[in-house]
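Report on one structure; see the data block that follows.
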Amino acid sequence: MILSVLTSLVLGLSLVWLNIERMDMAYNLRKLQGELDGRASLTAKLEVERDRLMSPYELGRKAEAMGMRGARPGQIRRIEEAGR
């Protein structure tokens, strides 16, 4: 009888402990999933911003603001690679 009660007590405590561990793991998984979603969202936003900054319109506007302009005829020199 006493052995049965002790076994029941140990099994009950084990069940509670496993349930707590499962809940902790579920909480950590949700937290990590949220971080992953946030980083994926940030990556997408950064890619959009990079594409915007590399657009010909934006590059031309920035070049103009820095006093740069397109090359005039005769200003571009092409150098052939050795062995060609």
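What the table below lists for this structure:
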| read-out | value |
| --- | --- |
| Residue-averaged [θ]222 nm for the chain, counting only DSSP H segments that reach four residues, each worth -39500 (n - 2.57) | -26500 deg cm²/dmol |
| Pairwise label distance in nanometres, S4 with A82, each label 7 Å out on the Cα-Cβ vector | 9.6 |
| Top positive-direction residue, dipole computed over the chain with Cβ charges, set T43, S8, A26 | T43 |
| Sulfur and carbon atoms: percent of accessible area, the chain [1.4 Å] | 64 |
| HN-Hα J in Hz across the stretch 37-52 - Karplus 6.51, -1.76, 1.60, θ = phi - 60°, x for Gly and Pro | 4, x, 5, 5, 5, 5, 4, 5, 5, 5, 5, 5, 5, 4, 4, 5 |
| Surrounding net charge for L32, when Lys and Arg each add one and Asp and Glu each subtract one, Cβ distance under 14 Å | 0 |
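The values are calculated or read from the model by the stated rules, or taken from the named source; none is laboratory data. Every value quoted in this text rests on a predicted model; they were computed, and no experiment measured them. No Cβ is skipped: glycine too gets one built from the backbone with ideal geometry, and neighbour counts run over all protein chains shown. Calculation scope for accessible area: heavy atoms of the full protein, side chains included, ligands and nucleic acids excluded. Shrake-Rupley method; radii C 1.70, N 1.55, O 1.52, S 1.80 Å.
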